[in-house]
Structure formats: structure tokens, C-alpha cells
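Visitor: Before I ask anything, let me first share the structure, which is written out below as C-alpha cells.
The values are calculated or read from the model by the stated rules, or taken from the named source; none is laboratory data. These numbers come from a predicted model, not from an experiment. Here the Cβ is made from the backbone with ideal geometry for all residues, glycine too, and neighbour counts use every protein chain on show. Ligands, DNA and RNA are stripped out before the accessible areas are found, and what is left, the full protein with its side chains, is counted by its heavy atoms. Shrake-Rupley method; radii C 1.70, N 1.55, O 1.52, S 1.80 Å.
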Amino acid sequence: MKLLETDVLLVIDVQNDFIPGGNLAVTAGHEVVPIINELAEKFRHVVLTQDWHPEKHSSFASSHPGKQPFSQTEMHYGPQTLWPEHCVQGTRGAEFHEALDIPRAELILRKGHRPGIDSYSAFFENDRKTPTGLNGYLRERGFQRVFCVGLAFDYCVRYSAEDAFKLGFDSVVIESATRAIDLEGSAEATRHSFRRGGITLVPHLGQ
Ligand code: VGL
Ligand code: ZN
């Protein structure tokens with residue numbers, strides 16, 4: 001795949017809490033770090049996202065008495081999976097993995113900072129209408145194609161790639177640079193949804 005000036009690499013949530021040893025560890029999550037470092041060298045433009053919750057965030061099971069992590073609840077905006085406490089602002093778990101090495105990244109976008117609403121997508125919060133501002137940023141910069149990598153394949157990468165497509169960007173996911181949480185078949189459901197939904201899933205960048 002030949003890369004263009006109008007391409008941007010969107011590196012999603014490569015943070016300690018999503019790496020083995022973290023509070024919401026994604027199996028083998030650390031394996032993406034060197035792969036993403038290498039990929040980032042190939043792109044002219046790179047944007048990073050950071051899951052960035054206040055303490056007692058409404059997506060945490062601990063904020064809902066009697067609820068267990070990974071169970072479902074109903075929020076005012078619809079169904080929401082409840083998570084272990086993770087990526088709390090200012091904690092070590094919210095920091096990027098220490099081996100992530102992308103000094104050229106041009107923007108760090110933080111999401112999930114509203115207490116009452118979760119945000120998987122880098123573009124919209126989970127009510128599917130509150131924007132994060134990333135669409136405006138990418139448009140104003142003239143980007144046309146978004147390549148998504150990072151954690152987790154079946155949550156934040158999925159929602160970001162699908163929203164990028166819906167917003168009119170060409171949307172590509174590089175699977176070798178992602179890892180899945182895989183709750184109840186969510187990884188396979190993501191591949192299926194990409195096939196139907198216009199998102200290009202490639203094993204690696206190729207060249
Ligand atoms: C994520 C669950 C909760 C992710 C973030 O980055 O995929 N998943 N918060
Ligand atoms: Zn989160």
C-alpha cells in the first residue's frame with residue numbers, strides 16, 4: 001500500500017492499563033508496541049489517542065453497586081459494558097506504554113473524560129453524537145485516509161475505524177498492530193462488521 005501525504009496513522013490507546021499487568025489487560029497487548037513504532041516511521045502524520053477517565057467514571061463497574069466488571073448495564077444513551085477501573089487521569093495506568101516511541105506524533109487526543117459517558121471511538125462518545133473534535137481536526141488538516149492500530153481491536157479500534165468511514169474518510173485497520181479483548185465473540189463480530197461496513201482490514205501494511 002503506497003502511503004500518501006493525506007494519510008494519517010491513528011494509534012489508539014497504547015496505555016499501560018491495556019497491557020498485561022494493567023487493570024484492563026488485553027492479551028498480548030504489549031506485542032503491538034514495536035510493530036506500531038515501526039509503522040509510525042512510515043507515516044508522514046501520526047495522531048495518538050489516550051483513554052482518559054476521571055475517578056469514579058460511569059463506565060467503571062465499581063461506580064455501579066452490585067455490578068461486576070464485564071457485565072452490561074443500561075445508560076441514558078444505551079447499553080454499556082462495565083469495565084474494571086482503568087486509565088484514570090494522571091495514573092500510571094493511563095500513561096502510554098514506556099516503549100511506545102513516536103516523538104513525531106502531532107496530536108494526542110484524550111477521550112472518555114466526561115464523567116457520565118464512555119467513549120470508545122476517537123470521533124464520538126458512546127451516545128454516538130457528542131464529538132471529540134477529531135473529525136474537525138483531521139478535515140482541517142486535509143487528511144483523507146485514516147489507518148487505525150492499537151488497543152483494543154474490538155472496542156476502541158473498531159468504533160474509531162467505523163466512525164472514520166461514516167464520516168467520509170477511507171478507513172483501514174492494520175490487524176497485526178492490534179489485539180482484541182474478545183468478549184463473547186467480539187473480535188469475530190468486528191471482522192464481520194468491517195467486511196460489511198466498508199472498512200479495509202489488512203494483515204499488515206505490506207509494501
Ligand atoms: C477501551 C474499553 C474501555 C479500548 C477503552 O481502548 O478499547 N475498551 N475503555
Ligand atoms: Zn475506557
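Visitor: List the lysines whose Cα sits under 20 Å from the Cα of residue 111, skipping any in the same chain fewer than 8 residues away.
Guide: Counting by Cα, and skipping residues close in sequence, residue 111 has these lysines nearby: 56, 129, 166.
Visitor: Determine the percent antiparallel among the DSSP beta bridges restricted to segment 71-189, to the nearest 5.
Guide: The answer is about 45 percent antiparallel.
Visitor: Over the chain, calculate the relative contact order: mean separation of alpha carbon pairs under 8 Å at least 6 apart, over the residue count, as a percent.
Guide: Averaging sequence separation for qualifying contacts and normalising by length gives 24 percent for the chain.
Visitor: What aspartates and glutamates does residue 67 reach when the alpha-carbon gap must be under 15 Å and sequence neighbours fewer than 8 apart in one chain are set aside?
Guide: Filter leaves 85.
Visitor: Among the GluC sites (Glu not before Pro) in segment 1-102, which ones are in a DSSP loop with at most 10 other Cβ atoms within 10 Å of the Cβ? Mind listing them?
Guide: Of the GluC sites (Glu not before Pro), the ones in loops of segment 1-102 whose Cβ has at most 10 other Cβ atoms within 10 Å are 5, 98.
Visitor: If you don't mind, there's one more thing I want to ask. Straight-line reach from residue 2: which lysines have Cα under 17 Å away, leaving out those fewer than 8 places along the same chain?
Guide: Hits, sequence-local ones excluded: 42.
Visitor: What do you get for Rg/Rh over segment 11-132 if you use C-alpha atoms and the Kirkwood form of Rh?
Guide: My calculation puts Rg/Rh at 0.99.
Visitor: Using θ = phi - 60° and the Karplus form 6.51 cos²θ - 1.76 cosθ + 1.60, what ³J(HN,Hα) does each residue of segment 59-75 get, whole Hz, x for Gly and Pro?
Guide: Using θ = phi - 60°, the values come out as 8, 8, 4, 5, 8, 10, x, x, 9, 9, x, 6, 8, 9, 9, 10, 9 Hz.
Visitor: Skip the ligands, DNA and RNA, and give the accessible area per residue of segment 60-103 with a 1.4 Å probe, whole Å².
Guide: Here the per-residue accessible area is 58 Å².
Visitor: Also, I was wondering about something else. What nm distance separates the two modelled labels at residue 28 and residue 75, each placed 7 Å from Cα along Cα→Cβ?
Guide: It works out to 3.0 nm between the two label points.
Visitor: Expressed as cubic angstrom per residue, what is the convex hull volume of the alpha carbon set of the chain?
Guide: 111 Å³
Visitor: Using a 1.4 Å probe over the heavy atoms of the protein chains, calculate the carbon and sulfur portion of the accessible area of the chain as a whole percent.
Guide: 51 percent
Visitor: Any idea how far the Cα center of segment 148-188 sits from the one of segment 48-110, in Å?
Guide: Centre-to-centre distance over Cα atoms comes out at 16 Å.
Visitor: Looking only at the chain, where both bridge partners belong to it, what percent of the DSSP beta bridges are antiparallel (to the nearest 5)?
Guide: Bridges in the chain are about 20 percent antiparallel.
Visitor: Determine the sum of side-chain charges near residue 33: Lys and Arg each +1, Asp and Glu each -1, restricted to other residues whose C-beta is under 11 angstrom from that of residue 33.
Guide: Around residue 33, the surrounding residues sum to -3.
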